[in-house]
Structures are given as C-alpha cells and as structure tokens.
Amino acid sequence: MIKKILLSFVILFLVTSCANKKDILYYQDIKNNSQNQINYVSNEIQINDILYIKIDALVPESAKPFNVESSVNAALNTNTLKIQGYLVSSEGFITFPVLGPLKVTGKTTTELQESLAEMLNDNGYLKNANVTVRVINSKVTVLGEVKNPGTYSFDEQNISLNQAIGYAGDLTVNGVRKDVLLIRENNGTRTYVKLDLTSSDWFSSPYYYIKQNDVIIVNPNGAKIMTSGYLSNIGGILGVLTFGLTVFLLLKQ
C-alpha cells in the first residue's frame, strides 16, 4: 500500500515538474525554407502621440518660423525633443506655427509630411518645402509571464510582436503561448485579440506589427497558478513527502 502511495507521489511530482513540448515551442507549423510575403504597415498617428516636425526649405532662413528652435545649451536628445514636440490633443489636433490647429489623427507620418509640404508650398509660405515627421514617444507594454515585464519605447516605424516580447526578455516556461492577449486602442476603440504563438497563422494579420500604446499580456499556465496561494511550492512539498516515504521504506526493511 505504501509503495503505491509512494509511486503516486513520484508520478504526481513528475507531472507537475515537466512541461509539454507542444505548449512551449513557437510556430510549430513553419516548414524549413518556407517563405511568405512581408507586408509593412504605416502606423497612424494617435491621441497623446508626441510628434517631432522639422521643416526645411530652399532658403533655410524662411523655414525658421515653422521650427521650434532648441536653446544653445540644450542637448538634442529624445527627452528634449519630447518637451519641444507637438502633443496630439484628445481631439486629435496639434497647433502648428502660422498654420494653426491641424487634425493629425488618422494620418500616417508620411501622409502628414505630404500634407504639410503641400500647405506650405501652395499657400506661398515656403518654396520647395521639405517636411520630416516622426512619432517620438512610441511605446509598448508587456505584462505577465515574461522575464522583464514593463513598458518599452521604440523608434522604428515597424516592430513585430515578436520583437516586443524580445524587449521583455521572452516568455517564461510558465507563460501560456497559445493564449497571448493583445490590447489595442485606435480611434477611440479598444480591441482585444488572443494570439497563438505556437502557430504562424496570424503572421499575415493586422496584429503581427505593433502599434504605439499596444499592451501584450501573457497568462500563467496551470503549474504556475498551482504554485500560488494554498498550493505554494507544491514541487518542494511533494519532494519532501517523497523523500520521507523513501526513508520510511528503507528503515522498515
């Protein structure tokens, strides 16, 4: 009877200690040397984005009224640019020198560049205006079962969900790869999408590339949940019980 109990504890210990390969490996359906087309996306400007806008012209002095000048001693770094940048209001507007309030949400940075250049050229403000627009506070938040949860800034126009998870140090062994939650806000709407990281089916979806302010949540698996609360350190408890029963059987012989 005692041997059966000991065997049951050993089996239970092994089950709670081991992870299934199918629950851990990423993109298990990808075949060697397979290819698919990459479709890059241009993220639209959102509320609370901070825009860096630089105007150049054929006569540089004529563009000065349209640029926010840095002080002589100010270092040209991201923090300085954020202070001097254009914060998109809750209504989706910025106030631009000379041109006044401009609706910018719903446009990509490229579209805003073209729109500003057209206004400056067509209204006679500048000749051959060249406009540069960048979002300088893009960020993504990664929470849950990852090595380093937190909020991460990025400068690129396109980063993938894989890259965002990489910023957070990858999922832990206890992270559920088949049920990763992506929360996205866009034009006053919040969207919730669950993604399966063991499959590549979503690579061609709108959720492969991250948008600024996305939130990624990785839920814990059953083993991780069991180690919380009343079942804390279940592996250690089972180990102690197994060791105790082993000693008891040895002494009994």
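For the pair Thr108/Asp196, report the inter-label distance in nm, with labels modelled 7 Å from Cα in the Cβ direction.
Label-label distance for Thr108 and Asp196, simple model: 3.1 nm.
Report the percentage of all Cα-Cα pairs in region 157-213 whose separation exceeds 14 Å, rounded to a whole percent.
58 percent
Can you work out ³J(HN,Hα) from phi for every residue in region 118-124, in order, using Karplus 6.51 cos²θ - 1.76 cosθ + 1.60 and θ = phi - 60°, giving whole Hz and x for Gly and Pro?
5, 5, 5, 6, 5, 8, x
Quick one: accessible surface of Tyr167, probe radius 1.4 Å, all protein chains present, in square angstrom to the nearest 10.
80 Å²
At a 1.4 Å probe radius, carbon and sulfur cover how many percent of the accessible area of region 133-207?
47 percent
Need one number: nm distance between label points at Asn48 and Lys22, each 7 Å from Cα along Cα→Cβ, rounded to one decimal.
4.0 nm
Considering Cα pairs under 8 angstrom that are at least six residues apart, work out the relative contact order of region 19-161 and quote it in whole percent.
29 percent
Compute the FRET efficiency between Ile38 and Val98 as 1/(1 + (r/R0)^6), taking r as their Cβ-Cβ distance and R0 = 30 Å, and round to the nearest 0.05.
Efficiency for this residue pair is about 0.15.
How much accessible area does Lys224 have with a 1.4 Å probe, in Å² rounded to the nearest 10?
Per-residue accessible area (Lys224): approximately 80 Å².
Just reorder Arg184, Arg134 by solvent-accessible area, largest first, 1.4 Å probe, all chains present.
Arg134, Arg184
The values are calculated or read from the model by the stated rules, or taken from the named source; none is laboratory data. This one's a predicted model, so the numbers in the text were calculated from it and none came from an experiment. Backbone-built Cβ (ideal geometry, glycine too); neighbour counts: all protein chains shown. These area figures cover heavy atoms from the full protein model, side chains too; ligands, DNA and RNA do not enter into them. Shrake-Rupley method; radii C 1.70, N 1.55, O 1.52, S 1.80 Å.
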